[in-house]
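> I have a structure here, written as structure tokens, and I will follow up with some questions on it.
The values are calculated or read from the model by the stated rules, or taken from the named source; none is laboratory data. Values in this document were obtained by computation on a predicted structure and should not be read as measured data. Note that each Cβ is placed from the backbone with ideal geometry, even for glycine, and that neighbours are counted across all protein chains shown.
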Amino acid sequence: MRRLIDNIGTWLGIANILIVLVFLIFPIAVAVMMSFDARDYLGRFPPQAYSIRWYESFFSDAYYLQGLTTSLILAVIATFVSTTAGVSAAIVLDRHTGRSKEVLESLFLSPLVVPAVVIGFALLLFFSLLGVFDGFTRLLGGHIIITFPYTVRTTLAGLVGIRKTLTEAAMALGANERRAFWDVTFPLARTGIVAGAVFAFAFSMDDIAVSLFLTSPDTYTLPVAMVSMMRTNFDLTIAAAAVVLMVFTFLLILALNWAIGLEKLIGQGVFRS
Amino acid sequence: MQKSRGTLLLLLPGLGLFLALLVLPLANVVEESFRLFVPGRIGSAKDAPYTLFNYTELIEPAYAFYLLETFRFGLVSSLTALVIAFPIAYAMARQGSPLLRKLSIGFLIGMLFLSTLVRVYALQLTFGPTGYARLISGLLNVSPNGRFYTDLVVTFGLLHYLIPISAITLLGTIQNVNPKLAEAAQVLGASRLKSHFTITLPLCIPGLLSAFLICFTLCLSAFVVPMILGKGKVLFVSNLIYARFSEIANYPSGSAVAIIMLVIALMTIYGVTRVVSTRVIQD
Amino acid sequence: MSVLELLHVTKRFGAFVAVDDVSFTVDKGQIVSLLGPSGCGKTTTLRVISGFEEADQGSVIFSGKDMKGKRPYERNVGLLFQDYALFPHMTVEQNVAYGLKQRGFEKTRIVNRMGEMLDLVKLKGFEKRRPSQLSGGQQQRVALARSLAISPEVVLLDEPLSALDAKLRQELRFELKEILSEVDATTIVVTHDQEEAMSLGERVIVMSDGKVVQQGPPTEIYASPRTRFVAEFIGRSNWFSGVIGAVAAPGVRDFETGDGFGLLVPEPTEATASKDYDICIRPERIQINITNDVSNNHPINTLSGTIRDVAHLGADIHFVIEVAGKHLITATEQYNGQSLERAGQDVALTFSPHDCIIVPSNS
């Protein structure tokens, strides 16, 4: 027998979920719809007619395209470097226990904790001190350090899930440490490594705070381009750019799901209903 | 931890990156924060004297104001996010259908992956002058260009990220609470709502605390949200650093603010790990 | 000839001595059980034999060769883990062939051997399956095939039957012994389960706190334990503590228990300085007599008491009898179609002195 208070509770819960869904999705829908607005000025929502003019504008605008290209190249290189360094670091962390391992782990994950602004600012000052003025190098440095923790964390999580008895079984059967790693550990850790790379790529494409500090007039990322446009020429090309970025995000999520399945990121917990 | 040549070789890339891209730059910032700034130059002079001025100047009300602003937003947004996210996380944790679970988790993760800039821009379009600014501000009886409305939109901006991340964090916590405990309370006569308030909720307190601290740290470091949605009227600590750097090239002062921001962020994270580890001990 | 020899092996972790001066030998084709409670050092001994830990003192010798400094992949051991440790990303045949590949055998030889092994464990036809598609019993057989494929000098089984339910355990126990004898494997079974140890091992080595406490055939361990620990660890027991007295008959001595019973016990094998001993009598060695008419010429122990509880367990009946107002004794009888004894009845318990196990106190 359900009591009134329970019913109210359930209805409130449902209302809460609906409001949140609307709150999260509606602004995105607005941005998408506005990106297809036929008007050649930024008018009131909702658009009355639709066209792809803003996408044409985006893809023909050298300023934006350069930003997009730079973003992609940076993401690819940063992901590669981060993943290589991150996987190596994760292997070492997985093999050891104790104080020094914990300290090292905190160190490697620290960029997640340091505010992005502080990282960007610190790198800018440091690069200036060293005399490194090339925009691309600076941006690359920033992107590498902010993506690195993700590769370490997800690879480590993947490695931890591999039972130690598996490598020991391989060794008892005649494989030395290196063979055991390549035959047993690496194939099983592959999903963690891929997930880490996907995270790294996504956060490199997304970054704005660090990039704003390290950008230069001739080298800039897409988000930086969008921000400067927001200050100068607030038209709907930005909306088209935003949707392009969203598509990338969506594709990356699909890649993540294909690689490891999304529930594994959260786990099932001890009790399943 | 035995160090062998192989281990050192594997650690070298990571350590190298860290030294070059984090440790040394931060050390440099610390050093810079103690140097005197002479207006008109870029950064401090080569042999500028050491001083505590950059830090002491921050205690003045004008600067303390920024910190308090940031704290205020952080507190309000984090608490709101928790209150809203908890029931959602609960519904997901007790969800029976695997498909629905997968979809909802996928949705939340998608929301997290969303570029901050896209998020902020979308909110600007929706709640700005071309969107529902007039409607909403009219309902609330405030000016669409006024302080209150701007604060509200900034909070929306923060919540748009905080709610998904809280939901996911709390999902992990709630999953580890035995559902049979609330059922036991119900068998003993409590209404469902009451059983959750008295049983499930208290058991989630460590998880709630850590989720709160995570949200709070994120708010403290927020940069893009206040920058764009705040329209220059709302300034967080991170915006102060940016202003110091872009407008007056006062690197020493910017450094001091950066260090303070870093210390607060580290203390909050330390708090999270302490909370989590006490929970582990209690278990 | 001995295939495995442990000579005075000691292994420490910091200040903790996990394995303390352990020595034993295993001959070719023998199955030996290493039995003891958790923390007794049996798993560490296993790891020292297989090479995952290096002994601080003493030697591990395989067929006359000292294994000092040799890594696990340099020794020829077959290791069957408690969780089977089958490679989840490989098929059954890839799992079984793995050890052979490491030895660089050529393809046809590997395929033949792999087929032989799967035949041996009766899993022919399962080659292309993945471990996740196999039942627990099947996984164990694949793991066994994998470790035997390399013709190891010593096979080490870590709690092989503990993950299975009771029925499966009995079936697999017999199969396991058959398989091991067919390949004439020299085997050590490490377990905390006395039933597993006694049913699989021709010889049982009992360990406690890092030391070997007793070793011998299962019947010897059961009937003639040398310490209280061994007597208690194997089988069920009833205990009396007391002081030994004068000789009452050839090979029989008087015994006065702490609570005042007078018993007849056998001559102790280990003499102690004090006269303090513990007496153990197994439940199935006690006869329950309803009448007090126990005429017998041989020296016999008699205790009178009241039945407190009767539990019918199918093939056996377990009794709890209260003796002299305090002491609780367990006795078992085989169910022979009719049970005459009931709770509340007064009975006389009888048992022969030679069924008493006498061990020094505090052992």
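> In this structure, is C:Leu86 assigned to a loop (DSSP other than H, G, I, E, B), buried (at least 17 other Cβ atoms within 10 Å of the Cβ) and facing another protein chain (nearest Cβ under 9 Å)? First the steps, then the outcome.
Details: assigned to a loop (DSSP other than H, G, I, E, B): yes; buried (at least 17 other Cβ atoms within 10 Å of the Cβ): yes; facing another protein chain (nearest Cβ under 9 Å): yes.
When the stated conditions are applied, C:Leu86 passes them.
> Report yes if B:Val118 is part of a helix (DSSP H, G or I), surrounded by fewer than 18 Cβ atoms within 10 Å (Cβ to Cβ) and either at pLDDT 85 or above or hydrophobic (A, V, I, L, M, F, W, C) (or both), otherwise no. Quick ask: steps written out before the conclusion?
Values: part of a helix (DSSP H, G or I): yes; surrounded by fewer than 18 Cβ atoms within 10 Å (Cβ to Cβ): no; either at pLDDT 85 or above or hydrophobic (A, V, I, L, M, F, W, C) (or both): yes.
Against the criterion (part of a helix (DSSP H, G or I), surrounded by fewer than 18 Cβ atoms within 10 Å (Cβ to Cβ) and either at pLDDT 85 or above or hydrophobic (A, V, I, L, M, F, W, C) (or both)), B:Val118 does not qualify.
> May I pose another question? Of these, A:Phe213, A:Phe181, which one is under 30 Å from B:Leu112 (Cα atoms), assigned to a helix (DSSP H, G or I), more than 11 Å from chain C (Cβ to nearest Cβ) and not β-branched (Val, Ile, Thr)?
One residue alone meets the criteria, A:Phe213.
> Pull up the range B:201-243, narrow it to residues that are buried (at least 21 other Cβ atoms within 10 Å of the Cβ), without any contact (Cβ under 8 Å) to a residue 24 or more places away in the chain and aliphatic (A, V, I, L, M), then point me to the one that is farthest from the other protein chains (Cβ to nearest Cβ).
Only one residue fits best here, namely B:Met227.
> Check A:Phe108, A:Phe133 and return the single one that is touching a residue at least 12 places away in the same chain (Cβ under 8 Å) and under 24 Å from the mean Cα position of the chain (by Cα).
Step by step, each of A:Phe108, A:Phe133 is checked, and only A:Phe108 is touching a residue at least 12 places away in the same chain (Cβ under 8 Å) and under 24 Å from the mean Cα position of the chain (by Cα).
> Given C:Ser38, C:Ser23, which one is touching a residue at least 60 places away in the same chain (Cβ under 8 Å), under 20 Å from the mean Cα position of the chain (by Cα), part of a loop (DSSP other than H, G, I, E, B) and surrounded by fewer than 22 Cβ atoms within 10 Å (Cβ to Cβ)?
C:Ser38
> Moving on to the next point. Just for the range A:1-54: of the residues that are of a type in the set (S, T, N, Q) and facing chain B (nearest Cβ under 9 Å), which one is surrounded by the fewest Cβ atoms within 10 Å (Cβ to Cβ)?
Only one residue tops the list, namely A:Thr10.
> If I ask for residues that are facing another protein chain (nearest Cβ under 7 Å), assigned to a helix (DSSP H, G or I) and within 24 Å of A:Thr10 (Cβ to Cβ), which ones from the range B:94-110 would you list?
B:Arg101, B:Lys102, B:Ile105
> Also, I was wondering about something else. Output the residue which, of all residues in the range A:97-138 that are of a type in the set (Lys, Arg) and more than 7 Å from every other protein chain (Cβ to nearest Cβ), is farthest from A:Thr70 (Cα to Cα).
That would be A:Arg99.
> May I pose another question? Checking the structure you have, find out if any residue of the range A:31-53 is part of a helix (DSSP H, G or I) and within 20 Å of the chain's Cα centre (by Cα).
Initially, the range A:31-53 is screened for residues part of a helix (DSSP H, G or I), giving A:31-35, A:53.
Still in the list and also within 20 Å of the chain's Cα centre (by Cα): none.
No: the range A:31-53 contains no residue that is part of a helix (DSSP H, G or I) and within 20 Å of the chain's Cα centre (by Cα).
> Taking the condition of being free of Cβ contacts under 8 Å to residues at least 12 places away in the same chain and within 8 Å of chain A (Cβ to nearest Cβ), how many residues in the range B:17-41 meet it?
The total comes to 8.
> Another question about this same structure. Please go through the range B:149-196 and pick out each residue that is more than 11 Å from every other protein chain (Cβ to nearest Cβ), under 30 Å from B:Arg72 (Cβ atoms), in contact with a helix residue (DSSP H, G or I) (Cβ under 7 Å, 6 or more places away or on another chain) and surrounded by fewer than 23 Cβ atoms within 10 Å (Cβ to Cβ).
Listed by number, the residues that qualify are B:Tyr149, B:Thr155, B:Ile165.
> Show me the strands (runs of 3 or more DSSP E) found entirely inside the range C:190-250 where at least 3 residues are closer than 25 Å to C:Glu171 by Cα.
On the way: elements: C:203-208, C:211-216, C:238-249.
Counting at least 3 such residues, we get C:203-208.
> Could you list, in sequence order, all residues of the range C:127-139 that are part of a loop (DSSP other than H, G, I, E, B) and either of a type in the set (A, V, I, L, M, F, W, C) or touching a Pro at 6+ places or on another chain (Cβ under 8 Å) (or both)?
C:Arg130, C:Leu134
> Also: Considering the range C:44-83 alone, what residues qualify as being within 19 Å of C:Gly201 (Cβ to Cβ), outside any loop (DSSP other than H, G, I, E, B) and within 12 Å of chain A (Cβ to nearest Cβ)?
Once the filter is applied, which keeps residues that are within 19 Å of C:Gly201 (Cβ to Cβ), outside any loop (DSSP other than H, G, I, E, B) and within 12 Å of chain A (Cβ to nearest Cβ), the range C:44-83 yields C:Leu46, C:Ile49, C:Ser50, C:Val77, C:Gly78, C:Leu79, C:Leu80.
> Shifting gears a bit: Would you say C:Lys124 is assigned to a loop (DSSP other than H, G, I, E, B) and free of Cβ contacts under 8 Å to residues at least 24 places away in the same chain? Reasoning before the result, please.
Numbers: assigned to a loop (DSSP other than H, G, I, E, B): yes; free of Cβ contacts under 8 Å to residues at least 24 places away in the same chain: yes.
For C:Lys124, the condition - assigned to a loop (DSSP other than H, G, I, E, B) and free of Cβ contacts under 8 Å to residues at least 24 places away in the same chain - is met.
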